[in-house]
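Novice: Okay, handing you the structure first.
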């Protein structure tokens, strides 16, 4: 990997950090504290939230019938998602210690907290739990798959991809047979150092 690539990766990490800092600044405006997994709003904010809640009847009256009819299709994905969660979690629990890859912490990826917002009705809260789990699980899975790919096959693809995991930028170039084995060993060393 070139020094230019290292510089771009550092700039990307800094941009992500800047975005997170901006989000944190905006969070401060809404006056809540987080203790463990518990979120607490000031009493007057909670009252404002409860007053802003739309009733389920009103919410459903504004919803197109075809949208309601798609609900079983959306929620049917819970079965493969739970199966994926189970298999990916078992996979990393068994294999990552053998490969000396630090395990991915699910709490870093799956956040189920929006149901605590008092301005959401019951159906909105259910939807938020589902989306928090589904999207978090896919990000958790992506990181596990990315670490696996970095360990076994750290080679870039021949064509540009729409989205890649964080490890991809450091992969060996497609077609670089000369440095491939050394690159694999370097990737494995970097993976084992992730938690340090």
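The values are calculated or read from the model by the stated rules, or taken from the named source; none is laboratory data. Quick caveat, the model's predicted, so the values are computed rather than measured. Ideal geometry is used to build each Cβ from the backbone, glycine not excepted, and the neighbour counts take in all protein chains shown.
Novice: Within the range 19-37, does at least one residue satisfy the condition of being in contact (Cβ under 8 Å) with a residue 12 or more places away in the chain and closer than 18 Å to residue 125 by Cα?
Specialist: Scanning the range 19-37, I find at least one residue that is in contact (Cβ under 8 Å) with a residue 12 or more places away in the chain and closer than 18 Å to residue 125 by Cα, so the answer is yes.
Novice: Among the residues of the range 64-86, is there at least one that is over 25 Å from residue 145 (Cβ atoms), surrounded by 12 or more Cβ atoms within 10 Å (Cβ to Cβ) and free of Cβ contacts under 8 Å to residues at least 40 places away in the same chain?
Specialist: Yes, because at least one residue in the range 64-86 is over 25 Å from residue 145 (Cβ atoms), surrounded by 12 or more Cβ atoms within 10 Å (Cβ to Cβ) and free of Cβ contacts under 8 Å to residues at least 40 places away in the same chain.
Novice: From the list 8, 19, 60, pick out the single residue that is surrounded by 12 or more Cβ atoms within 10 Å (Cβ to Cβ) and within 30 Å of residue 167 (Cα to Cα).
Specialist: Just one listed residue meets the conditions, 8.
Novice: Of all the residues that make up the range 22-57, how many are modelled with pLDDT of 80 or more, assigned to a loop (DSSP other than H, G, I, E, B) and surrounded by 11 or more Cβ atoms within 10 Å (Cβ to Cβ)?
Specialist: 3
Novice: Here's another thing I want to ask about it. Taking the conditions exactly as written (surrounded by 15 or more Cβ atoms within 10 Å (Cβ to Cβ), touching a residue at least 12 places away in the same chain (Cβ under 8 Å) and not in a helix (DSSP H, G or I)), does residue 157 satisfy them or not?
Specialist: no
Novice: Next question. In the range 128-160, which residues are under 21 Å from the mean Cα position of the chain (by Cα) and either under 20 Å from residue 190 (Cα atoms) or modelled with pLDDT under 95 (or both)?
Specialist: The answer is 140, 141, 142, 143, 144, 145, 146, 147, 148, 149, 150, 151.
Novice: What is the one condition in (1) more than 22 Å from residue 27 (Cα to Cα); (2) in contact with a helix residue (DSSP H, G or I) (Cβ under 6 Å, 6 or more places away or on another chain); (3) not in a loop (DSSP other than H, G, I, E, B) that residue 103 does not satisfy?
Specialist: Of everything listed in (1) more than 22 Å from residue 27 (Cα to Cα); (2) in contact with a helix residue (DSSP H, G or I) (Cβ under 6 Å, 6 or more places away or on another chain); (3) not in a loop (DSSP other than H, G, I, E, B), residue 103 misses just condition (3).
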